[in-house]
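Quick notes on the structure that follows.
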Amino acid sequence: MNPKEWWKETVVYQIYPRSFKDSTGSGVGDLNGVTEKLDYLAELGAGVIWLSPVYESPNVDNGYDISDYLSIMKEFGTMADFDRLLSEAHRRNIKIVMDLVVNHTSDRHPWFIESRSSRDNPKRGWYIWRDGYKGPDGKTGVPNKLESVFSGPAWKYDEKTGQYYLHLFASAQPDLNWANLDVRNAVFDIMNWWLDKGIDGFRMDVIDAIHKPESAVAVSGKDAETCFGSPGVHGYLKEMRRKVLAGRDIMTVGECSSATVKTARLFAGSGGSELNMVFQFEHTWIDHDKQFGKWRPLPYKLSRLKEILSRWQTGLYKKGWNSLYWDNHDQPRAVSRFGDDSTEENRVRSAKMLAACLHMMQGTPYIYQGEELGMTNMPINSLDGLNDVEIFNAYRELVEEKKLLTRDEIMTGIKKLGRDNARTPMQWNTSANAGFTTGKPWMKVNPNYKTINAASQIHDPESVFSFYRRLIRLRREYPVIVYGDYKLLLPGDEKLFVYRRRHEGKTLFVLCNFSGEKAAAPAIPEFKKAEKSGKLLIANYNEDGPRGGIRPWETRVYLT
Ligand code: TEU
């Protein structure tokens, strides 16, 4: 079954508020800045905004470390500003989905402050505290060898009470103990509070990690099982559905790096007992090294990328629902990664090609702020000017402590795949600081803003922005884009990504050249038919192509 749902037919725009628009001159983006730009989003055609965290936070991880779930970060404004944003968005038929970060809190959250205050505090059991492991040498150390996603051990010793607490991310992000019913109910209360206010759903941060399997938290001194994707998570999500989500017409998307097609059918199955969709990660690891991950980028093969994305397309067809994304605040800029940002012509061409490739698939597409302009990675030469805790921790561990990578090696990784690439301020126009702020921006603006900015693209029919705008409109117009089946053609081709969608007698033919070289026209009947009798819905070259050849970074979408 593939029932119709509004969240299948819409396009989501992700806002990282810190870097979106500063309305006060503080150098930090804010809620009124978002409200100011709602018309821009309406013009683009976004149906939903996913707002990265705007709650009170000490910003060790830019809002992903929350110290009060029910109030707005002072730098971002007030609750009244939030209410105004929500009603102004709704007035334009734009929904707002909030980021829900409840795998962990900030270490400044009152719950954690209480929890760490003594071993018998009523909130002690709200987090995961363990004794150290006493080794054969008589020395006591971390309970087990579980590692943090942000480098180093996932356990931190707390002097006051002489125990360790678990943190899967930074040590300032202690993990909540979801096994405790009071914790779950407290989270569900928070969710209900926001939903009662009228927000339209949640993007759930690392939601696949909330259940900690026994061996992950056992005091053993040994390697530990991963917390990501532990089967127990499904019970918690079903409980969440019963206590919060059921009966509400909202949208939920879970960030699930552990998701396989099989588990996604549970998390985001069409039966609807857990979430509406998940973010899977497989394609984002395609250029990662086995040992060093993103810190040692590798070339990738198009055939592998196609295999991954196509497996998700067919695997969830009628069984669940996909999220479609290249970019977000944790990923480098797609055009720099999978396209070519070395010349202006190729940047524009390849940004459009990537957009078409993604937006013509089945699933709900996500656009990360600036992606619709073809914003690129930032020039990075040193750690100066960077902000990301993930980068700093990795540098310390891999270069300084363990000396596993040289400075130059890790800088290559940071440059290509580091998260700060996505976090530079949004490029609005050619005025100082790209029109992001009248003050000193919290993070440097990419110097290419004079060429790449919204003002120069909004009214230009040939711009990347206009291309995205058209893609969004096509999705509304043609049900085949939303509900059609999927078949990958030419799976082994290392330049062309070609696929076909079908629905109620209509066929969509999508052709993308993932290379800066010419390619031979696909020698397949589907292409010949599309070229001969199909309607060209969208393309990134104006003039009709030389018959028989596909041009660098070309994309064409035909309907027959
Ligand atoms: O991301 C979780 C996550 O999986 C990322 O940390 C990802 O694995 C990493 O960037 C890859 O190296 C979420 C948020 O999106 C991220 O911004 C937060 O830092 C993290 O959770 C902790 O809340």
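The values are calculated or read from the model by the stated rules, or taken from the named source; none is laboratory data. Remember, it's a predicted structure, so these values are computed and weren't measured experimentally. Here Cβ is always computed from backbone atoms with ideal geometry, including for glycine, and neighbour counts include all displayed protein chains. Surface areas here come from the heavy atoms of the whole protein model, side chains and all, with no ligands, DNA or RNA. Shrake-Rupley method; radii C 1.70, N 1.55, O 1.52, S 1.80 Å.
Mind counting the residues in segment 505-540 that are open to solvent by less than 30 Å² (accessible area, probe 1.4 Å), assigned to a loop (DSSP other than H, G, I, E, B) and touching an Asp or Glu at 6+ places or on another chain (Cβ under 7 Å)?
Count: 1.
Here are 142, 97, 149: which of them is within 31 Å of the chain's Cα centre (by Cα), over 30 Å from residue 33 (Cα atoms) and of a type in the set (A, V, I, L, M, F, W, C)?
On the way: 142 fails: within 31 Å of the chain's Cα centre (by Cα); 97 fails: over 30 Å from residue 33 (Cα atoms).
After applying the criteria, what remains is 149.
Restricting the search to segment 278-302, which residues are more than 13 Å from the ligand (Cβ to nearest atom) and open to solvent by 30 Å² or more (accessible area, probe 1.4 Å)?
Selection gives 290, 291, 298, 299, 300, 301.
Among (1) over 26 Å from residue 256 (Cβ atoms); (2) outside any loop (DSSP other than H, G, I, E, B); (3) open to solvent by 10 Å² or more (accessible area, probe 1.4 Å), where does residue 404 come up short?
(2)
Give the residue that is nearest to residue 346 (Cα to Cα), with candidates limited to residues of segment 432-488 that are among the small types (Gly, Ala, Ser) and open to solvent by 30 Å² or more (accessible area, probe 1.4 Å). Reasoning before the result, please.
Residues of segment 432-488 among the small types (Gly, Ala, Ser): 432, 434-435, 439, 454-456, 463, 466, 484.
Still in the list and also open to solvent by 30 Å² or more (accessible area, probe 1.4 Å): 432, 455-456.
Values: 432: 26, 455: 20, 456: 18 Å.
Here the answer is 456.
Looking at 164, 127, which one is free of Cβ contacts under 8 Å to residues at least 40 places away in the same chain and surrounded by 18 or more Cβ atoms within 10 Å (Cβ to Cβ)? It would help to see each step written out before you state the result.
Details: 127 fails: free of Cβ contacts under 8 Å to residues at least 40 places away in the same chain.
Among 164, 127, only 164 is free of Cβ contacts under 8 Å to residues at least 40 places away in the same chain and surrounded by 18 or more Cβ atoms within 10 Å (Cβ to Cβ).
Identify, from the list 543, 517, 504, the residue that is touching a Pro at 6+ places or on another chain (Cβ under 8 Å), outside the structural domain of residue 362 (by TED's automatic domain parsing), closer than 26 Å to residue 374 by Cβ and free of Cβ contacts under 8 Å to residues at least 60 places away in the same chain. Let's see the steps before the verdict.
On the way: 543 fails: touching a Pro at 6+ places or on another chain (Cβ under 8 Å); 504 fails: closer than 26 Å to residue 374 by Cβ.
Selected residue: 517, the only one of 543, 517, 504 that is touching a Pro at 6+ places or on another chain (Cβ under 8 Å), outside the structural domain of residue 362 (by TED's automatic domain parsing), closer than 26 Å to residue 374 by Cβ and free of Cβ contacts under 8 Å to residues at least 60 places away in the same chain.
What pairs can you find where one residue is in segment 275-299 and in a loop (DSSP other than H, G, I, E, B), the other is small (Gly, Ala, Ser) and within 13 Å of the ligand (Cβ to nearest atom), and their Cβ atoms are less than 6 Å apart, with a gap of 6+ or different chains?
275/254; 280/259; 281/257; 294/413; 295/394; 295/413; 296/413; 297/413
Take the conditions under 20 Å from residue 279 (Cα atoms) and modelled with pLDDT of 95 or more and apply them to residue 188. Does it pass? It would help to see each step written out before you state the result.
Details: under 20 Å from residue 279 (Cα atoms): no; modelled with pLDDT of 95 or more: yes.
For residue 188, the condition - under 20 Å from residue 279 (Cα atoms) and modelled with pLDDT of 95 or more - is not met.
Tally time: how many residues in segment 338-365 are within 25 Å of residue 321 (Cβ to Cβ) and either of a type in the set (Val, Ile, Thr) or touching a helix residue (DSSP H, G or I) at 6+ places or on another chain (Cβ under 9 Å) (or both)? Working first, answer last.
Here is the first cut: in segment 338-365, the residues within 25 Å of residue 321 (Cβ to Cβ) are 338, 353-365.
Narrowing further to those that are either of a type in the set (Val, Ile, Thr) or touching a helix residue (DSSP H, G or I) at 6+ places or on another chain (Cβ under 9 Å) (or both): 338, 354-365.
Final tally of qualifying residues: 13.
Only one of (1) assigned to a loop (DSSP other than H, G, I, E, B); (2) at pLDDT below 95; (3) in contact with a Lys or Arg (Cβ under 9 Å, 6 or more places away or on another chain) is not met by residue 547, so which one is it?
(3)
Within segment 473-504, can you find the residues that are part of a strand (DSSP E or B), of a type outside the set (A, V, I, L, M, F, W, C) and under 18 Å from residue 311 (Cβ atoms)? First the steps, then the outcome.
We begin by selecting, within segment 473-504, every residue part of a strand (DSSP E or B); these are 485-489, 496-503.
Narrowing the set further to residues that are of a type outside the set (A, V, I, L, M, F, W, C) leaves 485-487, 499-503.
Once the filter is applied, which keeps residues that are part of a strand (DSSP E or B), of a type outside the set (A, V, I, L, M, F, W, C) and under 18 Å from residue 311 (Cβ atoms), segment 473-504 yields 485, 486, 487, 499, 500, 501.
When you scan segment 240-260, how many residues do you find that are open to solvent by 20 Å² or more (accessible area, probe 1.4 Å), in a helix (DSSP H, G or I) and among the aliphatic types (A, V, I, L, M)?
Residues that pass the stated criteria total 0.
Which condition from (1) open to solvent by less than 20 Å² (accessible area, probe 1.4 Å); (2) within 16 Å of the ligand (Cβ to nearest atom); (3) more than 25 Å from residue 55 (Cα to Cα) is the one that residue 155 breaks?
Going through (1) open to solvent by less than 20 Å² (accessible area, probe 1.4 Å); (2) within 16 Å of the ligand (Cβ to nearest atom); (3) more than 25 Å from residue 55 (Cα to Cα) one by one, residue 155 breaks only (2).
Within segment 303-397, which helices (runs of 4 or more DSSP H) (wholly inside it) include 3 or more residues that are in the same structural domain as residue 468 (by TED's automatic domain parsing) and farther than 19 Å from residue 284 by Cα? Before the answer, list the steps.
On the way: elements: 334-337, 344-359, 389-394.
It comes to 344-359.
Mind checking whether some residue in segment 52-69 is in the same structural domain as residue 466 (by TED's automatic domain parsing), open to solvent by less than 10 Å² (accessible area, probe 1.4 Å), of a type in the set (S, T, N, Q) and touching a strand residue (DSSP E or B) at 6+ places or on another chain (Cβ under 7 Å)?
Yes, that holds for at least one residue.
Is it the case, given these coordinates, that residue 171 is within 16 Å of the ligand (Cβ to nearest atom), at pLDDT 95 or above and touching a Lys or Arg at 6+ places or on another chain (Cβ under 8 Å)?
On the way: within 16 Å of the ligand (Cβ to nearest atom): yes; at pLDDT 95 or above: yes; touching a Lys or Arg at 6+ places or on another chain (Cβ under 8 Å): yes.
Yes.
Could you check, for segment 326-334, whether at least one of its residues is closer than 28 Å to residue 4 by Cα, within 15 Å of the chain's Cα centre (by Cα), within 16 Å of the ligand (Cβ to nearest atom) and open to solvent by less than 10 Å² (accessible area, probe 1.4 Å)? Show your work before the answer.
Restricting attention to segment 326-334, the residues satisfying the condition of being closer than 28 Å to residue 4 by Cα are 326-328.
Checking the rest, the ones that are also within 15 Å of the chain's Cα centre (by Cα) come to 326-328.
The next check asks that each one be within 16 Å of the ligand (Cβ to nearest atom); those that pass are 326-328.
In the following step, the residues that additionally are open to solvent by less than 10 Å² (accessible area, probe 1.4 Å) were identified as 326-327.
Yes, the conditions are met somewhere in segment 326-334.
Within segment 196-208, can one find any residue that is in a loop (DSSP other than H, G, I, E, B), open to solvent by 30 Å² or more (accessible area, probe 1.4 Å) and within 16 Å of the ligand (Cβ to nearest atom)? Step through it out loud before you land on a result.
The first filter runs over segment 196-208 and keeps only residues in a loop (DSSP other than H, G, I, E, B), leaving 198-200, 205-206.
Next, only the ones that are open to solvent by 30 Å² or more (accessible area, probe 1.4 Å) stay: none.
No, every residue in segment 196-208 fails to be in a loop (DSSP other than H, G, I, E, B), open to solvent by 30 Å² or more (accessible area, probe 1.4 Å) and within 16 Å of the ligand (Cβ to nearest atom).
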